[in-house]
Every structure is written in structure tokens, then in C-alpha cells.
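The structure appears right after this line, and notes come after that.
Where a number appears in this text, it was derived from the coordinates with a stated rule and is not lab data. Quick caveat, the model's predicted, so the values are computed rather than measured. Note that each Cβ is placed from the backbone with ideal geometry, even for glycine, and that neighbours are counted across all protein chains shown.
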Amino acid sequence: MPELPEVEVTRQSFADRIDGARVEAVRVGKPLRWPLGVAPAELLGAEVGAASRRGKYIWLPLRRAAGRGIDGGLLLHLGMSGSLSFSSTSAPAGVHDHFDLITSSGVLRLTDPRRFGAVVWSPALDQPPASRLLAALGREPFDPALTGADLHTAWRGKRVSVKQALLAGDVVVGAGNIYACEALFMAGIDPRLPCGRLSRPRCDRLLEAVRAVLRRALEVGGTSLRNFKDAHGDPGAFQFEAKVYGREGQSCTTCGVASGVKIRRVVQGQRSTFFCPVCQRR
DNA sequence: AAGTGGACCTGCTAGC
DNA sequence: TGCTAGCAGGTCCACT
């Protein structure tokens, strides 16, 4: 579920409420992608700080307080199917609830059927294991210093498709399968084009499209394909605005109304890519 | 070195 | 109705 907008919407939906809370208990369910890396008891009594986001990760700082707890933080990732909820009451844990941080302000709960998500303790963001997990991440899409020239430079000479290059997230983070498809549509670029063949102006346009798509998704609370909800339990609405994602065989909203041009689906790097063969050019 | 494919794990849906 | 194949929002790792 979670690409940058979903992660950010989730973060915003609980950050204020958990800030300053005291960790009272920790419940660990089935194993997630990586081990927690700390004995849950070590966290008890720690004070929670302001949750931040880097790429699709959420960093929840913890501080030793009143002689209890441990300095560091939890790095959370929602994987493919994860979501976080924050509620003042602690409902019984369901089969897919694999981590509860029970605090004086409420319970932060990770629900993740496929368990590709993770909750990893780290002594600091810039120390392992967090630093190692974040090391390969590209720039934040809304970093004002990031320009199309950065994409152009990073992709020079590379043969991977621009769609896969976006998904790789080592130049610019945040666009997953849905938003990469949507951004390429908005920019009018064929997703199969080798990224090294993109002209500088098209890199500018692509970055602008990535930003526009992510910004819009943030505005409407992200995409809820199956069951994404923010920590309040509210779903997003971007799925109603997708122009290509999941629309294989349907008419292109831009050119297909009169001409009957249909959205196509191809597989790139074992992921579905949706595009308009007319609007998106090589 | 860059590029490709497999791995992780579970649930849902379309099709027979 | 019941089974199976195929698909799903991510990303790390091993191999060529």
C-alpha cells in the first residue's frame, strides 16, 4: 500500500498525539522483515518524540526519561501491506497485528498481513542499523534543491527503463508503483524508455510530474486500493484519480475518449506498468 | 558495475 | 461451491 504519500499521511495522523508520550508496554507479534533489535523491556519508560519521515520510513525517536528507557528510536516501514493505527483504547490484537507500542497517550499498532514491513530499533538515525537501511535512499522529492538536472546526471549512460529507475528510489525517493506510473503519464514519457536517454527538459518535466502526483495524493489522503487507512482509520481517495494505474483496457482519459485508445499493461522488473501508448512517447 | 531475477508472506479475485 | 493461478502499494540480496 504505502508509497510516500501514504506514509506521510500516516505519520501526520499520529505524530502530534504520540509526541511526549511515555512507553508503558510493548507487544511483539509474528516476526516482521527484520528483528526488532532490542529487548522490549529496554524501551519501557522512554519518552516518545516527534515522528519524522525519510523516504517510506518513519522514524520515531525515543528518549531515556526519569532514569528509564533507552535513547534511540524505532525505524518503521510499512512494506507492501502495512498500516499503522493509533488509538486511545487497546483493542485485542488481531492475527495481523504484529507490533504494539503502548504509550501513556495511546497505542501505536502496526498491522501487516504480508509482514514485509519492519520495526527496527536503532540508537540513532545516523547509526546502524538505521543508517544502513537509509544509506541507499535518494533525495526527497520535495527537496527544493533537487532539480531535473540531478536526474539527468544520475541517469546518464544507464540502460534501465525510466520506470524502474524511478522505482529504485536511489535518485529520488517516494514514487512506488502507482505514482511512478501516474507521474510518467503526466510527463508524457514512455515508461520503457531507458533512463539514460531522457533529455534534460524531460527530466525537468518528470520531476515536476512526480512532485505534482505526490502532492495531489497527499492532499486527498493517499491511495486506498485494498485497505489502506491512516492512523485515524481514514482511507485515502487518490485511487479515484488514477489515470493509468489499474486501468488496463480502459480508454485513456486524455486521448481515448474519441479515438478509443486503451491503457496498456506491461511487466517491468516483475511489476505491472500501466501507460497510454499514445500520450506517452519514447 | 549494472542489470536481472528471486526471495520474503498472506490474501484476494478471476477463471475453470 | 471449490480449487488454482495470478496478482498485489516494497526492497534486499545473490547472481550474471
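For A:THR254 and A:ARG114, the FRET efficiency from 1/(1 + (r/R0)^6), where r spans their Cβ atoms and R0 equals 35 Å, is about 0.55. Using C-alpha pairs under 8 Å with a sequence gap of at least 6, the mean separation divided by the residue count of the stretch A:4-134 gives a relative contact order of 28 percent.
A dipole drawn for chain A from +1 and -1 charges on Cβ atoms has a positive end, and of A:VAL267, A:ALA39, A:GLY82 the residue lying farthest that way is A:VAL267. Charge dipole of chain A (Cα centre as origin; +1 on each Lys and Arg Cβ, -1 on each Asp and Glu Cβ, all else neutral): 1260 debye, rounded to the nearest 20. From least to most packed, judged by other beta carbons within 10 angstrom and beginning with the fewest, A:VAL23, A:VAL28, A:VAL213 follow the order A:VAL28, A:VAL23, A:VAL213. What is the list of residues in the stretch A:96-137 whose amide nitrogen lies under 20 Å from a point 7 angstrom out from the Cα of A:GLN270, following Cα to Cβ? Counting backbone N atoms under 20 Å from the label point, the list is A:113-118.
What the Cβ-Cβ distance of A:GLU140 and A:GLU24 gives, at R0 = 41 Å and to the nearest 0.05, is a FRET efficiency of 0.80. Rg/Rh, computed from the Cα trace of the stretch A:123-215 with Rh as the Kirkwood radius, has the value 1.00. Sequence-ordered 3J(HN,Hα) estimates for the stretch A:253-269 from the Karplus curve with 6.51, -1.76 and 1.60 and θ = phi - 60° stand at 5, 8, 10, x, 4, 8, 7, x, 5, 10, 5, 9, 10, 10, 10, 10, x Hz, glycine and proline given as x. Between the residues A:LEU134, A:VAL120, A:LEU146, the greatest Cα displacement towards the positive end of the dipole of the stretch A:112-154, with unit charges on the Cβ of Lys, Arg, Asp and Glu, is found for A:VAL120.
Measure nothing fancy, just the Cα-based angle from helix A:177-187's long axis to the longest principal axis of chain A, in degrees from 0 to 90, nearest 10. For A:177-187 against chain A, the angle is about 40 degrees. Note on the stretch A:148-275: Kirkwood hydrodynamic radius from all Cα pairs is 15.1 Å, rounded to one decimal. The angle between the Cα long axis of helix A:4-18 and the main principal axis of chain A comes to about 20°, on a 0 to 90 degree scale. Along the positive direction of the dipole of the stretch A:144-282 (beta-carbon charges: Lys, Arg +1; Asp, Glu -1; about the Cα centre), which of A:GLN280, A:PHE185, A:LEU214 reaches farthest? Result: A:GLN280. Rg/Rh for chain A stands at 1.02; both radii use Cα atoms, and Rh follows the Kirkwood definition.
For the stretch A:200-222, backbone nitrogen atoms closer than 15 Å to the point 7 Å from A:HIS232 Cα along Cα-to-C-beta are found at A:218-222. On the beta carbon distance between A:GLU219 and A:ALA149, with R0 = 35 Å, the FRET formula returns roughly 0.80.
Pairs of lysine residues in chain A that meet both criteria, 8 or more places apart or on different chains and Cα atoms under 21 Å apart, total 5. Taking 0.36 nm per residue of separation and subtracting the current Cα-Cα distance, fully stretching the chain between A:VAL278 and A:SER199 would add 26.5 nm.
Pairs of Cα atoms nearer than 8 Å and 6+ residues apart set the relative contact order; for chain A it is 18 percent.
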